[in-house]
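Presented below is the structure to which this report refers.
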Amino acid sequence: MYSKDQASAIKQEFWTAFGQYMALQLSAEGLRINWVNYKTGIKYLNFKLEAGQRSASIMIEISHPDLAIQELIFEQFKELRNILHAELNEVWNWELHVPDAYGKTVTRIVKQLDEVSIFKKEDWPTLISFLKPRLVALDEFWNDAQYSFELFK
């Protein structure tokens, strides 16, 4: 078991390594971007990457405090579901109004990889291979789809 400081240091090391690896990848628009802290330009709408002791996930998270607006944004994604799944080349889980790690109600479109750990360096290539193509595909999707969400800015 790791101390809180050790766990934090390992996580920071992984995300720094992932960020450096992704720095070579240009966005769909051909620009350099911060992949780890991807900006959608829409408040309360984020692309999140998580890696923990037992799993990793990548998600589109809608965290607007007004649950009705969360649902409206979710419905807009549903309109684009076929395009999203085609870009991702897989189906993700769609979760309306679920609690996040802090008990706050959010809405997510998520893909999870089980049986990996950020605390095992031998799992890092698997984590990167899981996260990178999905994040790049989300960027490709968002490059076109973002205009459908302008009213939520």
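The values are calculated or read from the model by the stated rules, or taken from the named source; none is laboratory data. Model, not experiment: these values are computed from the prediction. Here the Cβ positions follow ideal geometry from the backbone for every residue, glycine too, while neighbour counts run over all protein chains shown.
Just the residues that are within 18 Å of T126 (Cα to Cα) and not acidic (D, E), please, taken from region 26-57. Matches in region 26-57: W35, V36, K48, L49, A51, G52, Q53, R54, S55, A56, S57.
All conditions but one from (1) loosely packed, with under 14 Cβ neighbours inside 10 Å; (2) closer than 21 Å to A145 by Cβ apply to A23; the one that does not is (2). Listed by first and then second residue, the pairs with beta-carbon distance under 6 Å, at least 6 apart or on different chains, first residue in region 113-133 and within 14 Å of E13 (Cα to Cα) and without any contact (Cβ under 8 Å) to a residue 40 or more places away in the chain, second hydrophobic (A, V, I, L, M, F, W, C) and crowded, with 18+ Cβ neighbours inside 10 Å, are D123/V116.
Within region 30-52, not a single residue is closer than 25 Å to F119 by Cα, of a type in the set (D, E, K, R) and over 15 Å from the mean Cα position of the chain (by Cα). Select from region 70-99 the residues that are more than 22 Å from D144 (Cβ to Cβ) and surrounded by 14 or more Cβ atoms within 10 Å (Cβ to Cβ) and list them in ascending order. Hits for region 70-99 are Q70, E71, E95, L96.
Before we move on, is E150 surrounded by fewer than 17 Cβ atoms within 10 Å (Cβ to Cβ), acidic (D, E) and modelled with pLDDT under 95? Before you say what the answer is, go through the steps one by one.
Values: surrounded by fewer than 17 Cβ atoms within 10 Å (Cβ to Cβ): yes; acidic (D, E): yes; modelled with pLDDT under 95: yes.
Yes.
For region 44-53, does any single residue satisfy the condition of being more than 19 Å from K153 (Cβ to Cβ), surrounded by fewer than 17 Cβ atoms within 10 Å (Cβ to Cβ) and not charged (D, E, K, R)? So far as region 44-53 goes, yes, one or more of its residues are more than 19 Å from K153 (Cβ to Cβ), surrounded by fewer than 17 Cβ atoms within 10 Å (Cβ to Cβ) and not charged (D, E, K, R). On the stretch given as region 58-68, residues that are in contact with a helix residue (DSSP H, G or I) (Cβ under 9 Å, 6 or more places away or on another chain) and under 23 Å from D123 (Cα atoms) total 1. Consider S57 carefully, then state whether it is modelled with pLDDT of 95 or more, under 21 Å from F119 (Cα atoms) and either surrounded by 14 or more Cβ atoms within 10 Å (Cβ to Cβ) or of a type outside the set (V, I, T) (or both). Taking the combined requirement at face value, the residue satisfies it.
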